[in-house]
Amino acid sequence: MRRVAKFIFDFFEVYLGVAVLAILLLSIFVQVFMRYVLNEPSPELFELSIYCFVWVIYLGGALAVRYNQHVRFDILYQSFSPRVKSVLDIIFDLLTNFVLLVLFYPSAKYTLDMYPIKASALRVPWTFLLGVFPIFVALVLIHNFTNIVKNVLKLSGREVKEMEPPPWL
């Protein structure tokens with residue numbers, strides 16, 4: 001079961017994220033070439049790069065939550081004991097999950113409702129363009145829930161398996 005979950009997370013957060021980033025970089029490179037060498041700008045590539053950028057941001061954000069690597073102001077946080085840090089992590093993860101649970105249904109419904117509307121240049125249904133947000137919300141909910149469980153286990157004195165290091169470190 002763990003292998004399947006890891007594969008699903010890796011698929012969305014790593015492999016899909018890298019593929020979308022590659023498409024983003026390639027579309028920007030081709031845009032620059034077409035605009036400044038051929039003097040023929042491409043609205044399709046411009047629109048593609050915008051949507052790829054949004055997908056990269058949300059998939060990267062979910063990956064950062066997975067490895068607890070989000071940028072944060074933690075000068076005060078670092079001065080607390082491990083027990084207080086665990087309690088604060090639980091509180092903030094619960095608050096985040098509450099907000100994301102409130103957002104999930106409306107964002108998923110809105111994403112599905114946008115299917116008839118097509119992007120102006122690409123002519124792709126907006127469902128595919130907006131679909132990253134419900135995916136992001138679902139991934140962050142799962143990651144926060146596992147962090148809550150780990151912190152509760154730490155507070156109860158149980159041994160918690162340390163997570164694997166992030167692939168970029």
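Read-outs throughout are calculated quantities, based only on the coordinates presented, and are distinct from any laboratory measurement. Predicted model, so just to flag it, every value in this text is computed and none were measured. Every residue, glycine as well, gets a Cβ built from its backbone with ideal geometry; the counts of neighbours run over all protein chains shown.
By how many nm would the segment from residue 101 to residue 22 grow when fully extended, if each residue of separation counts as 0.36 nm and the alpha-carbon distance is taken off?
25.3 nm
Report the Cα centroid-to-centroid distance between segment 1-19 and segment 90-165 in angstrom, as an integer.
Here the answer is 14 Å between Cα centres.
Which value results for Rg/Rh of segment 51-104 when Rg is the Cα radius of gyration and Rh the Kirkwood radius based on the inverse mean 1/r?
For segment 51-104, the value is 1.06.
Within straight cross-link reach of residue 118, meaning Cα distance under 30 Å, which lysines are found once same-chain residues fewer than 8 apart are removed?
Within the straight-line cut-off, residue 118 pairs with 109.
Determine the principal axes of the Cα atoms in segment 1-137, then give the extent along each, sorted from largest to smallest and rounded to whole angstroms.
61, 34, 31
At a 10 angstrom cut-off on C-beta neighbours, averaged per residue, how do the peptides 121-131, 107-117 rank from highest to lowest?
The packing order, highest mean first, is 121-131, 107-117.
Fully extended, how many nm does the chain gain between residue 35 and residue 15 (0.36 nm per residue separation, minus their Cα-Cα distance)?
4.2 nm
What lysines sit close enough to residue 6 to cross-link, taking a C-alpha to C-alpha distance under 24 Å and skipping anything fewer than 8 places away on the same chain?
The qualifying lysines are 150, 154, 161.
Which helices count as membrane-span-like in the chain under these terms: full DSSP H, at least 15 Å along the axis by C-alpha, Kyte-Doolittle mean of 1.0 or more?
Answer set is 16-36, 43-66, 132-155.
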